Amino acid sequence: MNGLRVLDGGMSRELVRLGAELKQPEWSALALMDAPDIVRQVHEEFIAAGADVVTTNSYALVPFHIGEERFRARGAELIRLSGKLAREAAESAATEVLVAGSLPPIFGSYEPERFDAERVQGYLSVLVENLAPFVDVWLGETLSLIAEGDAVRVAVAGTGKPFWISYTLADDPLQLSGSEPKLRSGETVREAANWAARSGASALLFNCAKPEVMQAAVETASAVFREAGANLEIGVYANAFETEVGEHAANEGLSSTREDLNGDVYSRFACTWADAGATLIGGCCGIGAAHIHRVSETLKARG
């Protein structure tokens with residue numbers, strides 16, 4: 001449990017809970033345009049719940065969500081705002097809170113086939129340039145294939161800040177039954193961990209998949225890092241989706257969430273991840289401030 005840090009949870013449902021509008025195509029980016037005070041309030045509530053790290057609300061600030069024209073016209077402004085709001089919340093905290101700069105999958109969540117290596121740096125560079133003054137660490141998150149992680153590595157190389165890479169996992173019935181853990185691209189967690197061990201990343205995380213598939217991924221990554229003599233942290237932030245999102249378009253709307261996955265249940269999952277070697281633990285879609293409070297309370301009491 002040494003060095004354990006609690007991450008924040010999912011932004012979107014917390015925005016809705018506090019009164020912001022959420023709709024496609026803008027998704028959580030809409031709150032930056034219409035209700036930035038609520039974005040900051042979400043960060044503050046996660047900090048109050050016990051989060052040691054808050055993530056910038058920059059996930060939807062890509063052409064996939066706000067459109068190519070608006071990205072060119074307002075992208076830099078909105079990206080800077082997302083960084084500024086997270087930094088203000090962190091600096092108002094009574095304890096040290098890190099700001100992670102969210103670098104999303106540029107061409108859409110859960111859609112590795114859309115990845116375009118020739119175009120990706122043009123978009124990532126706008127995010128990196130405008131978040132850099134506000135963040136402590138880079139977080140490439142909800143990435144579906146190893147090449148997306150490597151694109152983040154390249155994009156942040158000149159910033160002098162550490163970077164974390166977080167892959168989303170396949171969580172179909174085959175994976176839930178105990179098959180070898182895989183990314184949504186079909187690449188194995190073992191392959192991703194071997195890449196991470198050579199990449200210069202400070203941490204490898206797994207996010208936006210069912211909590212039931214996370215322990216095997218942590219165990220696999222831990223074994224790879226031991227074999228390679230690599231000193232990377234491992235992290236988990238699962239989602240609370242009721243249905244198998246991978247069978248649908250992940251970006252269509254607000255998916256239903258599991259009624260069984262309350263704070264107590266989620267914190268029990270978190271304990272298994274910590275026992276398996278994870279030191280960065282939080283939540284993704286559908287995991288709110290109440291969940292994070294219970295996770296923080298449970299894990300910190302153990303450690």
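The values are calculated or read from the model by the stated rules, or taken from the named source; none is laboratory data. The shown structure was predicted, so the numbers you read here are calculated from the model rather than taken from an experiment. Cβ: placed from backbone, ideal geometry, glycine included. Neighbour counts: every protein chain shown. What goes into the accessible areas is simple: the full protein's heavy atoms, side chains included, and nothing from ligands, DNA or RNA. Shrake-Rupley method; radii C 1.70, N 1.55, O 1.52, S 1.80 Å.
Computed quantities for the displayed model
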| quantity | calculated |
| --- | --- |
| Residues of region 265-303 satisfying the condition of being aliphatic (A, V, I, L, M), in a helix (DSSP H, G or I) and at pLDDT 95 or above | V265, A270, A274, A276, A289, A290, I292, V295, L299 |
| Residue match in region 90-97 (condition: open to solvent by 30 Å² or more (accessible area, probe 1.4 Å) and under 23 Å from C208 (Cβ atoms)) | no |
| Region 162-173, residues that are more than 21 Å from E111 (Cα to Cα) and either surrounded by 23 or more Cβ atoms within 10 Å (Cβ to Cβ) or touching a residue at least 60 places away in the same chain (Cβ under 8 Å) (or both) | F163 |
| Residue within region 213-220 that is at pLDDT below 95 and of a type in the set (S, T, Y) present | no |
| Leading residue by the ranking (nearest to A100 (Cα to Cα)) among those in region 16-45 that are touching a residue at least 12 places away in the same chain (Cβ under 8 Å) and basic (K, R) | R40 |
| Those residues of region 56-74 which are open to solvent by 20 Å² or more (accessible area, probe 1.4 Å) and either closer than 30 Å to G263 by Cβ or assigned to a helix (DSSP H, G or I) (or both), in sequence order | Y59, P63, F64, E68, E69, R70, R72, A73, R74 |
| Residues being outside any loop (DSSP other than H, G, I, E, B), touching a residue at least 24 places away in the same chain (Cβ under 8 Å) and surrounded by fewer than 24 Cβ atoms within 10 Å (Cβ to Cβ) - total across region 174-187 | 2 |
| Single residue of region 5-15 satisfying the filter (in contact (Cβ under 8 Å) with a residue 60 or more places away in the chain and of a type outside the set (D, E, K, R)) that is farthest from C208 (Cα to Cα) | V6 |
| Residues within region 22-48 that are farther than 17 Å from L81 by Cβ and open to solvent by 10 Å² or more (accessible area, probe 1.4 Å), tallied | 7 |
